[in-house]
Amino acid sequence: MTRPQPEMRRLERRGADPRPLLDLPAYRVTQGAPHVRDGIDLNRIQIWILLALSPSILIGLYNTGLQANRAMSESVPGSGGWRVELLARLGIANGSASILDCLSHGILYGFPAFVVSLTLAWFWAILFAKLRGRPTSNEFVVTAAIFTLLLPPHAPLWQVALGLSFGVVLGKEVFGGTGKNFLHPALVGLVFLHLAYSGTLRDEYLWRGLEGYAGTNLFGDIHTAGAAIFQESGLTWRDSLLGFVQGPMGSTSALAAGLGALLLIRLGIVSWRTMAGVLVGAAATLLALRWWVTDPGPLLTIPPYWHLTLGSLGFGIAFLAADPVTSATTQPGRWVYGILIGFMVVLIRSQHPLHPDGVVLAILLGNVFAPLIDSFFVWTSIRRRKHALEA
């Protein structure tokens, strides 16, 4: 084993014993050849992420069609627009709960939005790659898919194009492109749309596009009636776990997101510490607020296990909070980063009725603090090694 690093030679010149230095992780020497041979690269990682997203996509399309068909059964005859007319010409029943009918109706909501998102994401990726003289990767496909799954079904296509462009350009490309952005581009685009066009993208108007149907988002009902809304609506925790509730087009199923998360963890693409940190932070904050706050509010009166499946929390943990580019990279920093996001999710849900889900805002705030968290733990590690050398 060769003598590592000039620090050991300096200790020897001083007459100090350099052997304790070898116990530090930075100076451990590999026993075999330090050559890595692996077939995985950035493009293959994006393909695995798309495979992990496939359960959320399938259940999201089915749930979107299911909610649309339920809305059709309560709306006035002849409403529903071009989608209903197209389904009728194809011989597909409107208002049916069959898997094929719901998937068909859901595709008519999700596919146009995805095509617009994919086209704009591809355009900006090609443009900035040409300007920088770099090859392109298929990361833009994942960005477009995640952005589409987080959209409400009725989002106008021009707003989809505007939000995706804003997120990709100002959330990623201006910082140097793939791997250099500290904010998730899909979240930047969503927050821009929520702030600029809150009248059409706010959660309680998810199904406003269907004439004669006045459905509201589940969070709005909870803020009004509390836990009693579950008995009044007949909604069960199983429905919430599977994602069969009103919400965005592909982020309501905690079960589908969990399956994708297991695949990504098994492949080593994301860190389980970040995901566990979010769960720990959300659970601890929820229990603390229920214990100390005298008037916790309707959202905090529901059982804690409901919060794990409501909204986009499961999807956010699997595909947004643990994103390897925008999350913390140090091991202790991942725990702190995840706990911070979990804390902010519960805080926003309980105190901000205009953004009752809280997942998008919480993860975006976590992205902002991730570099600072990593810098702190790197600084403490350097100081610890410095003190070990001076001892």
Do you know which residues across the stretch 176-216 are modelled with pLDDT under 50, in contact with a Phe, Trp or Tyr (Cβ under 7 Å, 6 or more places away or on another chain) and farther than 22 Å from W82 by Cβ?
D203
From the list A196, A97, A121, which residue is over 25 Å from A68 (Cα atoms) and over 20 Å from the mean Cα position of the chain (by Cα)?
A196
Would you point out which residue out of W335, W306 is aromatic (F, W, Y), within 23 Å of the chain's Cα centre (by Cα) and modelled with pLDDT of 95 or more?
W335
Does any residue of the stretch 323-331 turn out to be surrounded by fewer than 13 Cβ atoms within 10 Å (Cβ to Cβ), more than 17 Å from the chain's Cα centre (by Cα) and at pLDDT 90 or above?
yes
Check whether at least one residue in the stretch 288-296 is open to solvent by less than 30 Å² (accessible area, probe 1.4 Å) and of a type in the set (V, I, T), and report yes or no.
no
Is there a residue in the stretch 124-140 that is over 28 Å from V168 (Cβ atoms), among the basic types (K, R), more than 21 Å from the chain's Cα centre (by Cα) and at pLDDT 75 or above?
no
From the options L164, L131, residue that is aliphatic (A, V, I, L, M), surrounded by 22 or more Cβ atoms within 10 Å (Cβ to Cβ) and assigned to a helix (DSSP H, G or I):
L164
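The values are calculated or read from the model by the stated rules, or taken from the named source; none is laboratory data. Just so it is clear, the model here is predicted, and its values are computed rather than measured. Note that we place each Cβ from the backbone using ideal geometry, even for glycine, and neighbour counts take in every protein chain shown. Just the protein is used for accessible areas: all its heavy atoms, side chains included, with ligands, DNA and RNA removed. Shrake-Rupley method; radii C 1.70, N 1.55, O 1.52, S 1.80 Å.
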